Structure formats: C-alpha cells, structure tokens
Amino acid sequence: MQKLAIHGGKPVRSQEYPAWPVSGPRELELLQQVLFSAQWGGYHEYVEEFEKLFAGLHDARFGIAVANGTVALEAMLQGAGVKPGDEVIVPAHSFIATATAVSRIGAKPVFCDIERDTFNIDPASAEAAVGPKTRAIIAVHFGGVLADMDRLARLADNAGLLLFEDAAHAHGADWKGRRAGGIGLAGTFSFQNSKAMTAGEGGIIITNDADVAAQVRSLVNCGRKPGHGWFDHFELGTNLRITGFQAAVLLAQLERLPEQIRLRQANAELLNTKHSTPGVYFQKAPEGAVVQTLYVLPGWVDEEVLGATRDEFLEALQAEGVPARPWYPHPLYANPLYEKHPYRKVSCRVAEQACKDSFWLPQRTLMGNDEDTSDIVRAIDKIYQTYKPETTAVQ
Ligand SMILES: Cc1ncc(COP(=O)(O)O)c(C=O)c1O
C-alpha cells in the first residue's frame, strides 16, 4: 500500500493544476481600446456590445451589466416587482447573496432543501415552502448544473409565482437546449474572480421581459430613462454600472468560454468514468442539464464506507496535490445575520447533512490533461486504500 502524503509518503502529484483566471493578448488588446478612449465609465460602447452578446448567448433579449452578482440579484428582484413583505423561496445552500438580496429589498427568504445528488434546489421542498405571501422562487444552478427547470416552472405556474435564476455559476450551461438565466422571468450571473468568466468583479441581469429590463436598467443607472436627460431621474435608483475595462475583459473571456466548458466537461466525464472508489460520490447532473459549466464539482463522502471523515478525506486529498474545499459550514439560515432578519424555513435535512459530508473541487482541477484528471482518481483511491474499513477490505 502506498503511504499517504499526509503520513510522509510521496504525493500523487507535485505539479499545480492550471491557474485561474485565464487571460491573454485579447484582453490586453480590448483593454487598450478602452484605455485610449475618452469613455472609461458611464457606459463605454463595449458594455452594450457585451450585454447584447451575453444575453443573446443565453437566449435572452435583454442584458444589463452591473457591478457584481450580488447587486444583480437585488436589482432583478426589485425590477421585477418583488415588494417588501413578499416571501421568496431560496435553497438553504448557496452563496449568501441569494438570500440577502431578498432580505435587503425588505422581502423574506423562505429556505427550502436541496437534492442530495444534484446539490440543487429540491422542487418538492420548494413546493412545501409555498405560503400565502410567497411571490417568487430563486433557482440556483449549483456549480453550473441546472436545477430541474421543468418541475420548477410547473410549480411556479401552478402556484402563480415568479421564477428567477441565480446563474452565478452557470455561464453557458443549459437545460434541454435552453440556456441558463433565460428560462425563468429573469436570471443573474456573477463575474467575480473565481467564476467561469471574470473581470475580477461584475455581474449581469438577463431577461426576455421588456418591462423588467427597462425597470432594472433604470434602477441600476440612477433612475434614468432612455430619451431623457442625464439629470432627469424617474426611479429611486442607484449607480451599479460597470466600467468599460470590465466589459473589455468580459468580451475576451466570453470568446474563451465555450472551449473551456468543453474541456471541463470532457474531464468530468473522464473522472466519472474512471472513478469508482466506494464512499466518495460526485454531483450527478439530471438528464436535462446537457451543457454544464462545472464552475465547481461538488461531491460528498460516506464516512462509513470510506472509513474517513469528510475532513480527513479533504486533508489527505489536498496533501496528494488535489485542491478541494469543504462545503459551506452551515445552511444560509444559520448565519448570524438571520438572528436579526426575518426568514422562514421548511425541513432542510439534506442541506444540513451536506455541511458535514460535502466538498467541492475548483474548476481548475478539471482544466488539465487526461493525466491531471486521472490524478484525482488516483488520489481518491489511494486515500480509500489507507482508510477503508476492515469489513470492506475483506470483500
Ligand atoms: C450562487 C451565487 N450567487 C451570487 C453570488 C454573488 O456574486 P458576486 O460575488 O459577484 O457578488 C455568488 C458569488 O459567489 C454565488 O456563488
């Protein structure tokens, strides 16, 4: 048996996985265009070009680029008419912004459970969360695998709710050929540093609804309206515009996205084909989620079968040269902020279990060659060979 790196053995790999973010001469070329123009902010022409391209690629007529994915969510909810006192159903696991966007506009998040296999919002739990004040659902496409948009759309239709998508992880992903963000009433994306395409910070709201688009645009541009003066303000808006520099970088990043998705998807397929170690399981994409961004690859550990806890497993995996991190430490409602702000929840048993047994691999672990991907499999199996329980060892 090979000695684990945490026990002083030779690690499976000593080379780093490819670095993130990725950039090249194209970013530089477009950045220079902005730099040598007189329009760094206040909507450089690249902003409009990027908004049109990105929205079009995600099956939406309108795109409104903003400062980040957090404010994108707030602007989307407000622009679509979610009001103080309304309830909005969100999964108990996501980045905090999915819930705080609801709270910050004076509405109340209602936390529901996630599915074990996909890590996405569980439509049955979302249905159980609907109450008389419920106005909307936000689906989060975790890691870039789409939530079951058929079931969520049916639920929204039947219950008369608005359906939104927090597609912060899901650039370029689809559900049965329809792209993330363009399926519900509106969707948001993040371009923060670690995301599948990035300008360091940035976000966008996309929608097919002209009224929502106009309202969001006004809210994020100081309440202005097209055809009126720079100093004429019609809504209680704010300034959430992005700069020309961000748009320049995003235009270049968008050109690279399809190839990067293909690479990650091919590597994820290879990983899933080769990996059969008992006790370690990776996210399963439902059939409808054909194109998957794989911004992160979530997984979970069955401690009884593997013979190691999630944390022992992660410590060993990292020492073998595979970057990985534990799942969120607690469901969103267990954050101290929700001791001060109202929320409601239904049973979130899976979400609570995920805090104990789940983890994720960052996208860069799926951006190397076949050998780099196979190292993940080797490292996991090496850990199992050391920890496997006696009973399993005999079989
Ligand atoms: C699911 C989800 N929603 C929203 C956000 C917020 O995006 P940003 O960091 O651009 O504000 C993030 C960012 O990490 C996220 O993961």
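Just so you know, all these numbers are worked out from the coordinates, no wet-lab data involved. Everything numeric here is computed off the predicted structure, so don't read it as measured data. FYI the Cβ positions are ideal-geometry reconstructions off the backbone, even for glycines, and counts take in every protein chain you see.
Cross-link pairs exceeding 19 Å in C-alpha to C-alpha distance, out of 108/195; 274/382; 52/83; 83/133; 195/345, comprise 108/195; 52/83; 195/345.
Distance between the modelled labels on residue 353 and residue 290, one decimal in nanometres: 3.2 nm (7 Å Cα→Cβ projection). About the Cα centre of the stretch 25-253, how large is the charge dipole given +1 on each Lys and Arg Cβ and -1 on each Asp and Glu Cβ? Please answer in debye to the nearest 20. Magnitude of the dipole: close to 280 debye. A Förster distance of 22 Å, applied to the separation of the beta-carbon atoms of residue 274 and residue 10, puts the FRET efficiency at 0.60. Sorting 1, 197, 76, 367 by the number of Cβ atoms found within 10 Å of their own Cβ, with the fewest placed first, yields 1, 367, 197, 76. Computing Rg and the Kirkwood Rh from the Cα coordinates of the stretch 25-253 gives a ratio, Rg/Rh, of 0.98.
If you rank 198, 386 by fewest surrounding Cβ atoms within 10 Å, what's the result? Mind dumping the intermediate values first?
Values: 198 21, 386 18.
Ranking 198, 386 by Cβ neighbours within 10 Å, fewest first, gives 386, 198.
Only Cα pairs under 8 Å and at least 6 apart count here; give the relative contact order of the stretch 261-395 as a rounded whole percent. Intermediate values should be presented prior to the final figure.
Working: 164 pairs, mean separation 50.1, N = 135.
RCO, the stretch 261-395: 37 percent.
The smallest convex shape that holds all Cα atoms of the stretch 18-101, its convex hull, gives 160 Å³ per residue. Mean separation of Cα pairs under 8 Å and 6 or more residues apart, divided by the residue count, gives the stretch 25-253 a relative contact order of 27 percent. Here the chain is scanned for GluC sites (Glu not before Pro) in DSSP loops (not H, G, I, E, B) that have at most 11 other Cβ atoms within 10 Å, and the longest stretch holding none of them is 17-286.
Could you compute the FRET efficiency for residue 228 and residue 124, with r as their C-beta to C-beta distance and R0 at 56 Å, rounded to 0.05? Mind showing how you got there, number by number?
Details: r = 47 Å, r/R0 = 0.84.
For R0 = 56 Å, the calculated efficiency reads 0.75.
Residues 217, 241, 104, ranked from the fewest to the most other C-beta atoms within 10 Å, line up as 104, 241, 217. For the stretch 146-194 versus the stretch 62-126, the inter-centroid distance based on Cα atoms is 11 Å.
Among all stretches of the chain without exposed chymotrypsin sites (Phe, Trp or Tyr not before Pro) (DSSP loop, at most 10 other Cβ atoms within 10 Å), which one is longest? Result, exposed sites excluded: 37-229.
Report relative contact order for the chain in percent, whole number only (criteria: Cα-Cα under 8 Å, sequence separation at least 6).
Values: 868 pairs, mean separation 90.5, N = 395.
Relative contact order here is 23 percent.
Seen from residue 171, the other residues with C-beta closer than 10 Å to its C-beta sum to a net charge of +2, counting Lys and Arg as +1 and Asp and Glu as -1.
Give me the net charge of residue 224's neighbourhood, meaning all other residues with Cβ under 13 Å from the Cβ of residue 224; Lys, Arg count +1, Asp, Glu -1.
Details: positive: 217, 225, 241; negative: 232, 235.
Within the 13 Å Cβ shell, the charges total +1.
With the simple spin-label model, which puts each label point 7 Å out from Cα in the Cβ direction, the residue 257 to residue 40 separation comes to 2.7 nm. Annotation: amide H of residue 296 within the under-5 Å range of 143, sequence separation 5 or more or interchain, hydrogens built in the peptide plane.
Of the residues 196, 19, 319, which exhibits the maximal mean-square fluctuation in a Gaussian network model of the chain defined by a 10 Å Cα contact cut-off? Comparing 196, 19, 319 in the GNM, the peak value goes to 19.
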